[in-house]
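The values are calculated or read from the model by the stated rules, or taken from the named source; none is laboratory data. None of these values were measured; they are calculated from a predicted model. Please note: Cβ atoms are built from the backbone with ideal geometry, for glycine as well, and neighbour counts cover all protein chains shown. Side chains included, ligands, DNA and RNA excluded: accessible areas come from the protein's heavy atoms. Shrake-Rupley method; radii C 1.70, N 1.55, O 1.52, S 1.80 Å.
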Amino acid sequence: DGDASANISIRYCEIVDNTGIGINFAVDSGISNVPFVGIEHNQIDRNTGGGISLQALYTTISSNSIVQNGNATGIGGLSVSYNGTAGRYSVIEHNQFDTNAPYHILIGAGVNHIIRSNEFRSNTATPPPGGGYTPDTHIIVGDGSHTPVNTTVDQNTIQTVPASPLVATTFLKIRAGASFTRAFNNYAVAFGGANAIMYEDNSTTSVITED
């Protein structure tokens with residue numbers, strides 16, 4: 001599609017209290033041609049359909065507040081999904097993800113995603129997008145059907161309220177279809193106890209290193 005939009009920048013906006021998705025980049029099946037998207041310094045809060053749904057190339061998502069988006073069956077804070085091809089080359093950094101449901105980030109497909117230096121928090125929301133304490137999984141790599149390749153998760157901080165979560169809570173879940181996921185130097189600020197699970201790795205190609 002030669003007339004598709006390109007070089008899109010969304011900056012310093014308040015995208016709040018929508019019944020649908022806050023920011024939705026969707027293209028026709030088999031086409032992944034919305035290139036060079038920048039989503040920076042925005043407040044993306046309390047959108048019932050989810051915070052950001054992304055099918056794009058060369059995306060930077062940086063320095064946003066992404067809080068209380070989604071519901072128990074929605075897309076949560078940020079979803080990178082499959083549409084016949086796949087999103088790729090995204091950098092997700094310096095964002096605050098807080099109390100989204102049912103997850104903060106889903107990397108469903110694509111290649112070369114970097115999730116770096118973000119703050120992730122679970123808490124009980126009022127009103128609750130997930131029916132109370134949420135999310136119980138912060139980052140998911142793999143949607144169960146497609147194969148994300150080369151996802152890096154590093155230098156993020158994790159916090160739950162309370163610091164010893166009352167239900168099992170996972171920072172990073174790597175599904176079996178994901179390939180070459182790397183995780184290192186992620187730091188639990190207030191995240192511990194029997195229910196605090198840093199990594200659930202169902203892939204055979206992941207590399208997880210903590211200093």
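Among the residues of segment 161-169, are any within 21 Å of GLU93 (Cα to Cα) and not charged (D, E, K, R)? First the steps, then the outcome.
First, the residues of segment 161-169 that are within 21 Å of GLU93 (Cα to Cα): none.
No, every residue in segment 161-169 fails to be within 21 Å of GLU93 (Cα to Cα) and not charged (D, E, K, R).
Residue pairs, Cβ under 6 Å, 6 or more apart or interchain, first in segment 28-57 and at pLDDT below 90, second open to solvent by less than 20 Å² (accessible area, probe 1.4 Å) and not in a loop (DSSP other than H, G, I, E, B). List them.
VAL37/THR59; LEU54/VAL80; ALA56/VAL37
Exactly one of (1) closer than 18 Å to GLY74 by Cβ; (2) more than 12 Å from the chain's Cα centre (by Cα); (3) open to solvent by less than 10 Å² (accessible area, probe 1.4 Å); (4) of a type outside the set (Phe, Trp, Tyr) is unmet by PRO165. Its number?
PRO165 satisfies all of (1) closer than 18 Å to GLY74 by Cβ; (2) more than 12 Å from the chain's Cα centre (by Cα); (3) open to solvent by less than 10 Å² (accessible area, probe 1.4 Å); (4) of a type outside the set (Phe, Trp, Tyr) except (1).
Check every one of the strands (runs of 3 or more DSSP E) wholly within segment 171-211 and list those with 1 or more residues that are open to solvent by less than 30 Å² (accessible area, probe 1.4 Å) and either among the polar types (S, T, N, Q) or within 16 Å of ILE139 (Cβ to Cβ) (or both).
Filter on segment 171-211 gives 179-184, 196-201.
Taking ILE105 and the conditions (1) within 17 Å of HIS138 (Cβ to Cβ); (2) open to solvent by 10 Å² or more (accessible area, probe 1.4 Å), which numbered condition does it fall short on, given that it satisfies the others?
That leaves (2) as the condition not met.
For segment 176-200, which residues satisfy the criterion of being over 17 Å from ASN118 (Cβ atoms), within 20 Å of the chain's Cα centre (by Cα), at pLDDT 95 or above and not hydrophobic (A, V, I, L, M, F, W, C)?
GLU200
Would you tally the residues in segment 130-162 being β-branched (Val, Ile, Thr), in a loop (DSSP other than H, G, I, E, B) and surrounded by 23 or more Cβ atoms within 10 Å (Cβ to Cβ)?
So in segment 130-162, the residues β-branched (Val, Ile, Thr) come out as 134, 137, 139-141, 147, 149, 151-153, 157-158, 160-161.
In the following step, the residues that additionally are in a loop (DSSP other than H, G, I, E, B) were identified as 147, 161.
After this cut, where a residue has to be surrounded by 23 or more Cβ atoms within 10 Å (Cβ to Cβ) as well, the list is none.
Residues meeting the conditions: 0.
Out of segment 1-27, which residues are buried (at least 16 other Cβ atoms within 10 Å of the Cβ) and modelled with pLDDT under 85?
Once the filter is applied, which keeps residues that are buried (at least 16 other Cβ atoms within 10 Å of the Cβ) and modelled with pLDDT under 85, segment 1-27 yields PHE25, VAL27.
Of all residues in segment 161-175, count the ones that are charged (D, E, K, R) and within 19 Å of GLU119 (Cα to Cα). Spell out how you get there, then give the answer.
Filtering segment 161-175 down to residues charged (D, E, K, R) leaves 173, 175.
Pick out the ones that are also within 19 Å of GLU119 (Cα to Cα) and you get 173.
Within segment 161-175, residues that are charged (D, E, K, R) and within 19 Å of GLU119 (Cα to Cα) number 1.
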